[in-house]
Amino acid sequence: MWNQREQLAADSGLRHPSASAAVAAAVATDHRLLDVLGERLAVGLAAICVVLDPSLVVLSGDVGCAGGAALASRIERAVRHIAP
């Protein structure tokens, strides 16, 4: 059974055995999946930042590492629009 990240990748046309593999493929091809995933992650992150006001947020895990700077920059841009 796929989780939501893997389903999102499949819906975007990237069929890989894991979410991290799909994100790595998206980074290699600058696929739209990065924009969609970045926006979705930014919604949750913005809610946390508004309440806790952290000075640093670290993306980790398989998907965060696979997305690297490409995903991080999209999340940062989306968070700025949601919670300036």
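The values are calculated or read from the model by the stated rules, or taken from the named source; none is laboratory data. Quick caveat: nothing in here was measured; it's all calculated off a predicted structure. Every residue, glycine as well, gets a Cβ built from its backbone with ideal geometry; the counts of neighbours run over all protein chains shown. All accessible areas refer to the heavy atoms of the entire protein, side chains included, with ligands and DNA or RNA removed. Shrake-Rupley method; radii C 1.70, N 1.55, O 1.52, S 1.80 Å.
Below, the figures for the structure above:
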| quantity | calculated |
| --- | --- |
| Residue selected from region 75-84 under the condition under 16 Å from LEU33 (Cβ atoms) and of a type in the set (A, V, I, L, M), by the criterion surrounded by the fewest Cβ atoms within 10 Å (Cβ to Cβ) | ALA78 |
| Top-ranked residue in region 39-62 [being closer than 16 Å to ALA78 by Cα and not hydrophobic (A, V, I, L, M, F, W, C); ranked as modelled with the lowest pLDDT] | ARG40 |
| Count of residues meeting criterion [in a loop (DSSP other than H, G, I, E, B), at pLDDT below 75 and closer than 21 Å to ALA78 by Cα] in region 4-34 | 1 |
| Unique residue being out of contact with any His (no Cβ under 8 Å at 6 or more places or on another chain) and exposed (fewer than 13 other Cβ atoms within 10 Å of the Cβ) when the list is LEU52, LEU37 | LEU52 |
| Within region 55-74, tally of residues that are open to solvent by less than 90 Å² (accessible area, probe 1.4 Å), β-branched (Val, Ile, Thr) and either touching an Asp or Glu at 6+ places or on another chain (Cβ under 8 Å) or in a loop (DSSP other than H, G, I, E, B) (or both) | 1 |
| Residue pairs meeting the criteria (Cβ under 8 Å; at least 6 apart or on separate chains; first without any contact (Cβ under 8 Å) to a residue 60 or more places away in the chain, in region 62-80; second in a helix (DSSP H, G or I) and polar (S, T, N, Q)) | ASP62/SER20; VAL63/SER20; CYS65/SER20; ALA66/SER20 |
